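To start, the structure under review is shown below, and the notes come after it.
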Amino acid sequence: MSYQSFEDLIATMTPEICDNMRRAVELGKWPDGRVLSKEQREMCMQAVLTWEAKHLPEEQRTGYMEQACKSDSGKAEEQPVTLRGPDTLQ
């Protein structure tokens, strides 16, 4: 299928198409095993992010991070992070 514009592509996308594009970006290949080119990967990523912004609530979008580290004043607080090696994960 040929699209006249990026907006045409987004307008015709379904949730299934978005999922397939997201998976292709994650794996670097299409479901049939063909490798995505750099340009295809970039275009798919842009399409997924644009489609999600139009159709999904913020908390369901790719890359969403809940801001649970805010204090009552609304300012972000520093939180300690403990890194563990693979031998400590059990």
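For the reader, a short list of remarks on this structure follows.
- Counting the residues of the range 1-18 that are assigned to a helix (DSSP H, G or I) and under 16 Å from the mean Cα position of the chain (by Cα) gives 5.
- Selection from the range 19-66 of residues that are over 22 Å from GLU7 (Cα atoms), in a helix (DSSP H, G or I) and among the hydrophobic types (A, V, I, L, M, F, W, C): LEU27
- Contact annotation: residue pairs with Cβ atoms under 9 Å, 6 or more positions apart or on different chains, pairing a residue in the range 16-32 that is touching a residue at least 24 places away in the same chain (Cβ under 8 Å) with a partner that is not hydrophobic (A, V, I, L, M, F, W, C), are CYS18/GLU52; CYS18/HIS55; ARG22/GLU52; ARG22/THR62.
- Residue tally, condition surrounded by fewer than 16 Cβ atoms within 10 Å (Cβ to Cβ) and within 24 Å of TYR64 (Cα to Cα), over the range 21-37: 5
- Contact annotation: residue pairs with Cβ atoms under 7 Å, 6 or more positions apart or on different chains, pairing a residue in the range 50-61 that is at negative phi with a partner that is not β-branched (Val, Ile, Thr) and not in a helix (DSSP H, G or I), are TRP51/MET13; GLU52/ARG61; ALA53/ARG61; GLU58/TYR64.
- Only residues that are among the polar types (S, T, N, Q) and within 19 Å of THR62 (Cα to Cα) were counted in the range 1-41, giving 3.
Here, each number is a calculation from the coordinates, and none is a lab measurement. These numbers come from a predicted model, not from an experiment. Glycine gets a Cβ as well: all are built from the backbone with ideal geometry, and neighbour counts include every protein chain shown.
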